[in-house]
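Visitor: Input: one structure, supplied below.
The values are calculated or read from the model by the stated rules, or taken from the named source; none is laboratory data. Keep in mind that this is a model prediction, so the values were computed, not measured. In this analysis, Cβ positions are derived from the backbone assuming ideal geometry, glycine residues included, and neighbour counts consider all displayed protein chains. SASA here: full protein model, heavy atoms, side chains in, ligands and nucleic acids out. Shrake-Rupley method; radii C 1.70, N 1.55, O 1.52, S 1.80 Å.
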Amino acid sequence: MSLLEIKNLHVKVDNHEILKGIDLKVNAGEVHSIMGPNGSGKSTLAQVLARRETYAVSAGEVSYNGRDLLAMKPEEAACEGIFMAFQYPVEIPGISNAYFLRSALNAIRKYRGLDEIDAIDFLPLFREKLKLLDMDEKLMNRSVNEGFSGGEKKRNEILQMAVLEPKLSILDETDSGLDIDALRIVAQGVDAMRNPERAIIVVTHYQRLLNYIVPDFVHVLLDGRIVRSGGPELALELEEKGYGSMEAEARHATPA
Amino acid sequence: MITATQQLESYLENFSEFEKLAAGHALPWLRNLRQDAFARFCEVGFPTTHDEDWRFTNVSAIAQTAFRLTCNRPVRLSQQELDPYRVPGVNCQLVFVNGNFARELSLLGKLPDGVKVSNLGGEISSNPEAIEPHLGRYLDIRRDAFCALNTAFGEDGAYVHIPRGTLVEEPIYLLFVSTANDAPSMSHPRNLIVAEEDSQATIVEDYVSLDGGAVFCNTVTELVAGDHTVLSHYMIEREHEEAFNISTLRIQQGRSANVVSHSVLLGGALVRNNVHPVLAGEGGECLINGLFIGNGHQHLDNYMLVEHASPRCGSRQFYNGILDGHAHGVFHGRIIVHKDAQKTDAKQTNRNLLLSDDAQIDTKPQLEIYADDVKCTHGATIGQIEGDALFYLRSRGIDEVSARKLLLFAFASECLDRMKQGPVRRHVEELINRCLFQMANSAPGASTGIRRDDTGRNWEEIG
């Protein structure tokens, strides 16, 4: 059984069809990359998997770990092990980063029947992950993402991922706006989490991140459909030829 | 419901009865003060929404009820009945039941030498010469009918006197309890707090009710902050959902006096909280911090009148409101900068969260500037719980109710963070927590208050 299985997924936003029949299987231990130009539906797919309720699924099914993912609330999906790193992490004034992360971890632990972790026991775990992402401990007492630079926000997402240890991670354009040093740190953080029990979906526009997180599979998403799938070499081909040629190809292949 | 004539007759009856027996009835200055105030009340009557200062608050429910004074019918309460309302860790607690001092329920704790904490009624009888120079001297009975009424009917409340150079670390906590009566009842607590030069203290007024019923509490506090004083004042309103509460805090600030006023309005049906500092001495600082949380059909009106009367004074107003159900909130921030008050620095911010379609906020800044070298800014925002923030928290495993509560609490903490650490802040935090937990839990489907797009209007003006 695949960890994630998407069948014929159609999604509408404001009556406009964004995803027009997606099929995708992701097994534990695999890293998949979904590439595509702006507006192709990449982020929509990520948000639907994270159970954002503003997207209306008009057809299709998604099973996760043998369960119907589309019937889950966002918090339930999170507790079941799904994590999405946001393209635009949200600023939440008045809640400290440390408190937020501990609340999230404890909510998930509670769901799994584990004891809650208090602030003191949480600290060592936290420090270890901060080090992994080369983050300043001071950021932890600041409000969630408030006044963080773009790079700090993205690192903070991966920090959350490292603390919450999801089974399926979806990185939604985590590379965008990162300079090469920050990109390397973020990628190392993600790469350190690769193991046979976990799957990762890397949603990206560019190939650069994939130099550091080498995917097992690459899928090209164009206008709401996966038009090609292949190995890591597909990402290089895209980098070389651009999405334009593939768009033309796709138009050609799709019956009018 | 009663007519305007019946209403006046009812108050006249109350007043003639009261005047004969009230504390200090034999003192000519006090008799005159009361009679003038009552005459003023008869002349103007209760305000209506045609009155600019009362545009958003309709007090006809108060005007049309024939309230009776309760001071002639003392109510005895047991310690146990009060226990749930006490604040842990505070040794100085004065209790007033329906406006009257309840000595047997009060704790006086240990205060520094020379500090006087007692009841105004007692002081008027035993020590009138200390009271006369201050009582009614700062409050303008012409401001509104409620100030006039309080002055006419005021005889008891707290009296606090802090001598020069004295530091009172322990908060002085005043608990005002209203109890149910067979008929609608009113009380007019009057507090006088005099802090002499270079002294420091914290005063807390906490309004609670033991049981339901129509009660009208109309309180006035005159706070005299001498030169170089550092004072904190808290007003906590958490009466039941039928209570009417009108309060006026009149602060007179001396040179370089630093006063902080915190208002936390959580309870009551119709609440109007007036905060009126006059920065009379050069270099004074005033922070007015407020939080109001309304639900059901609550009406919570915050009226600020900040008068800059001397040069180089600073004032800050920060008010946050959270409104759900059919609650109606008002923020009216008026700043007057007098001609001589050069180098004034005044700022005003009001932020609001509306959690339902029927909740309402009226926010009104009003600047009157007669000096030419001043800095005054004001701004207000109105919005909902942000859908993005809610989704972000939920996507990390935090359930919807907890996520809503976290966001509401974060919004409220902006006000909480301006309070000094200690037992009073812990008390307020606990009250806010309880209030927001109920709100987050009772949210209808917990989704009506959240919109994907923020349709609230946001505006900021600088003048």
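Visitor: Please specify each residue of segment B:398-408 satisfying the condition of being buried (at least 19 other Cβ atoms within 10 Å of the Cβ) and facing chain A (nearest Cβ under 10 Å). Spell out the reasoning first.
Guide: So the first thing to find is which residues in segment B:398-408 are buried (at least 19 other Cβ atoms within 10 Å of the Cβ), and the list is B:398-400, B:403-408.
Within segment B:398-408, B:ILE398, B:ASP399, B:GLU400, B:ALA403, B:LEU406, B:LEU407, B:LEU408 qualify.
Visitor: Among the candidates B:ASN127, B:ASN119, single out the residue that is surrounded by 21 or more Cβ atoms within 10 Å (Cβ to Cβ) and polar (S, T, N, Q). Break it down into steps so the answer makes sense when it comes.
Guide: Details: B:ASN127 fails: surrounded by 21 or more Cβ atoms within 10 Å (Cβ to Cβ).
Criteria check complete, one pass: B:ASN119.
Visitor: Restricting to segment A:178-206, name every residue that is open to solvent by 60 Å² or more (accessible area, probe 1.4 Å) and under 17 Å from A:ALA235 (Cα atoms).
Guide: Selection gives A:TYR206 alone.
Visitor: Checking B:ALA180 against (1) among the aliphatic types (A, V, I, L, M); (2) in a strand (DSSP E or B); (3) surrounded by fewer than 24 Cβ atoms within 10 Å (Cβ to Cβ), which single condition isn't satisfied?
Guide: B:ALA180 satisfies every listed condition except (2).
Visitor: Quickly run through segment B:59-86 and pick out the residues that are free of Cβ contacts under 8 Å to residues at least 40 places away in the same chain and out of contact with any Phe, Trp or Tyr (no Cβ under 8 Å at 6 or more places or on another chain).
Guide: B:PRO74, B:ARG76, B:SER78, B:GLN79, B:GLN80, B:ASP83, B:PRO84 - these are the residues of segment B:59-86 that are free of Cβ contacts under 8 Å to residues at least 40 places away in the same chain and out of contact with any Phe, Trp or Tyr (no Cβ under 8 Å at 6 or more places or on another chain).
Visitor: I've got another one for you. In segment B:79-106, which residue that is more than 21 Å from the chain's Cα centre (by Cα) and open to solvent by less than 40 Å² (accessible area, probe 1.4 Å) is nearest to B:ALA180 (Cα to Cα)?
Guide: From segment B:79-106, those more than 21 Å from the chain's Cα centre (by Cα) are B:79-84, B:88-89, B:91, B:102-106; that's our starting set.
Retained after the next criterion (residues that are open to solvent by less than 40 Å² (accessible area, probe 1.4 Å)): B:82, B:102, B:105-106.
Values: B:LEU82: 14, B:ALA102: 16, B:LEU105: 18, B:SER106: 21 Å.
Top of the filtered list is B:LEU82.
Visitor: Give the number of residues within segment A:120-151 that are within 14 Å of chain B (Cβ to nearest Cβ) and not in a helix (DSSP H, G or I). First the steps, then the outcome.
Guide: So the first thing to find is which residues in segment A:120-151 are within 14 Å of chain B (Cβ to nearest Cβ), and the list is A:141-146, A:148.
Narrowing further to those that are not in a helix (DSSP H, G or I): A:142-146, A:148.
Adding up the residues that qualify gives 6.
Visitor: Follow-up. Just for segment B:233-267: of the residues that are in contact (Cβ under 8 Å) with a residue 60 or more places away in the chain and of a type in the set (Lys, Arg), which one is surrounded by the fewest Cβ atoms within 10 Å (Cβ to Cβ)?
Guide: The extreme case among them is B:ARG238.
Visitor: Modelled with pLDDT of 95 or more and aliphatic (A, V, I, L, M): which single residue out of A:LEU236, A:LEU221, A:LEU209 fits that description?
Guide: On the way: A:LEU236 fails: modelled with pLDDT of 95 or more; A:LEU209 fails: modelled with pLDDT of 95 or more.
Answer to the selection: A:LEU221.
Visitor: Sort out which residues of segment B:417-459 are modelled with pLDDT of 95 or more, within 14 Å of another protein chain (Cβ to nearest Cβ) and open to solvent by less than 30 Å² (accessible area, probe 1.4 Å), and write them in order of number.
Guide: Of everything in segment B:417-459, just one residue is modelled with pLDDT of 95 or more, within 14 Å of another protein chain (Cβ to nearest Cβ) and open to solvent by less than 30 Å² (accessible area, probe 1.4 Å), namely B:ILE432.
Visitor: In addition: Condition first: touching a residue at least 24 places away in the same chain (Cβ under 8 Å) and either within 29 Å of the chain's Cα centre (by Cα) or outside any helix (DSSP H, G or I) (or both). Now tell me which residues in segment B:2-12 satisfy that. If you could, list the steps in order and put the result at the bottom.
Guide: Taking segment B:2-12 as the starting set, the residues that turn out to be touching a residue at least 24 places away in the same chain (Cβ under 8 Å) are B:2, B:4, B:6-8, B:10-12.
Selection gives B:ILE2, B:ALA4, B:GLN7, B:LEU8, B:SER10, B:TYR11, B:LEU12.
Visitor: In addition: I'm trying to understand the selection: among the residues of segment B:216-232, which are open to solvent by less than 10 Å² (accessible area, probe 1.4 Å) and aliphatic (A, V, I, L, M)?
Guide: Within segment B:216-232, B:VAL220, B:LEU223, B:ALA225, B:LEU231 qualify.
To keep it simple, each residue is scored yes or no on (1) of a type outside the set (Val, Ile, Thr); (2) more than 30 Å from B:TYR85 (Cα to Cα); (3) modelled with pLDDT under 95.
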residue	(1), (2), (3)
B:TYR319	yes, no, no
B:VAL337	no, yes, no
B:LYS343	yes, yes, no
B:ASP357	yes, yes, yes
B:GLN384	yes, yes, yes
B:GLY387	yes, yes, yes
B:PHE391	yes, yes, no
B:ARG394	yes, yes, no
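Visitor: Here's another thing I want to ask about it. Do we find a residue being at positive phi and buried (at least 20 other Cβ atoms within 10 Å of the Cβ) anywhere in segment B:376-397? So that I can check it myself, show each step before the final result.
Guide: Pass one, segment B:376-397, residues at positive phi: B:397.
In the following step, the residues that additionally are buried (at least 20 other Cβ atoms within 10 Å of the Cβ) were identified as B:397.
Scanning segment B:376-397 turns up at least one residue that is at positive phi and buried (at least 20 other Cβ atoms within 10 Å of the Cβ).
Visitor: May I pose another question? Hey, can you tell me all the residues within segment B:199-214 that are buried (at least 18 other Cβ atoms within 10 Å of the Cβ) and either at pLDDT 95 or above or more than 21 Å from the chain's Cα centre (by Cα) (or both)? Break it down into steps so the answer makes sense when it comes.
Guide: Residues of segment B:199-214 buried (at least 18 other Cβ atoms within 10 Å of the Cβ): B:199, B:201-210, B:214.
Listed by number, the residues that qualify are B:SER199, B:ALA201, B:THR202, B:ILE203, B:VAL204, B:GLU205, B:ASP206, B:TYR207, B:VAL208.
Visitor: Given the options A:LYS138, A:LYS153, A:LYS129, name the one that is of a type in the set (Lys, Arg), more than 15 Å from the chain's Cα centre (by Cα) and open to solvent by less than 60 Å² (accessible area, probe 1.4 Å).
Guide: So the residue among A:LYS138, A:LYS153, A:LYS129 that is of a type in the set (Lys, Arg), more than 15 Å from the chain's Cα centre (by Cα) and open to solvent by less than 60 Å² (accessible area, probe 1.4 Å) is A:LYS129.
Visitor: Of the numbered conditions (1) over 16 Å from the mean Cα position of the chain (by Cα); (2) open to solvent by less than 10 Å² (accessible area, probe 1.4 Å), B:PRO311 fails exactly one; give the number of that condition.
Guide: Result: B:PRO311 passes all but (2).
Visitor: Here is a check on your reading of the model: is A:ALA162 surrounded by 15 or more Cβ atoms within 10 Å (Cβ to Cβ) and in contact with a Lys or Arg (Cβ under 6 Å, 6 or more places away or on another chain)?
Guide: On the way: surrounded by 15 or more Cβ atoms within 10 Å (Cβ to Cβ): yes; in contact with a Lys or Arg (Cβ under 6 Å, 6 or more places away or on another chain): yes.
Yes, satisfied.
Visitor: While we're here: What are the residues in segment B:13-23 that are under 17 Å from B:PRO184 (Cβ atoms) and in contact (Cβ under 8 Å) with a residue 24 or more places away in the chain, if any?
Guide: Here is the first cut: in segment B:13-23, the residues under 17 Å from B:PRO184 (Cβ atoms) are B:13-15, B:17-18.
Scanning segment B:13-23 gives B:ASN14, B:PHE15, B:GLU17, B:PHE18.
Visitor: When you look at B:LEU355, is it open to solvent by less than 30 Å² (accessible area, probe 1.4 Å), within 12 Å of another protein chain (Cβ to nearest Cβ) and within 30 Å of A:LEU164 (Cβ to Cβ), yes or no?
Guide: Values: open to solvent by less than 30 Å² (accessible area, probe 1.4 Å): yes; within 12 Å of another protein chain (Cβ to nearest Cβ): no; within 30 Å of A:LEU164 (Cβ to Cβ): yes.
No: the conditions fail for B:LEU355.
Visitor: Also, quick follow-up: Test B:SER232 against the stated conditions and say whether it is out of contact with any strand residue (DSSP E or B) (no Cβ under 8 Å at 6 or more places or on another chain), among the hydroxyl-bearing types (Ser, Thr, Tyr) and not in a loop (DSSP other than H, G, I, E, B).
Guide: The answer is no for B:SER232.
Visitor: Please tell me if A:ALA50 is closer than 30 Å to A:PRO232 by Cα and in contact with a Lys or Arg (Cβ under 7 Å, 6 or more places away or on another chain).
Guide: Values: closer than 30 Å to A:PRO232 by Cα: yes; in contact with a Lys or Arg (Cβ under 7 Å, 6 or more places away or on another chain): no.
No, not satisfied.
Visitor: On to the next question. Tally up the residues in segment B:269-294 that are open to solvent by less than 10 Å² (accessible area, probe 1.4 Å), touching an Asp or Glu at 6+ places or on another chain (Cβ under 6 Å) and in contact (Cβ under 8 Å) with a residue 60 or more places away in the chain, please.
Guide: Counting residues in segment B:269-294 that are open to solvent by less than 10 Å² (accessible area, probe 1.4 Å), touching an Asp or Glu at 6+ places or on another chain (Cβ under 6 Å) and in contact (Cβ under 8 Å) with a residue 60 or more places away in the chain gives 1.
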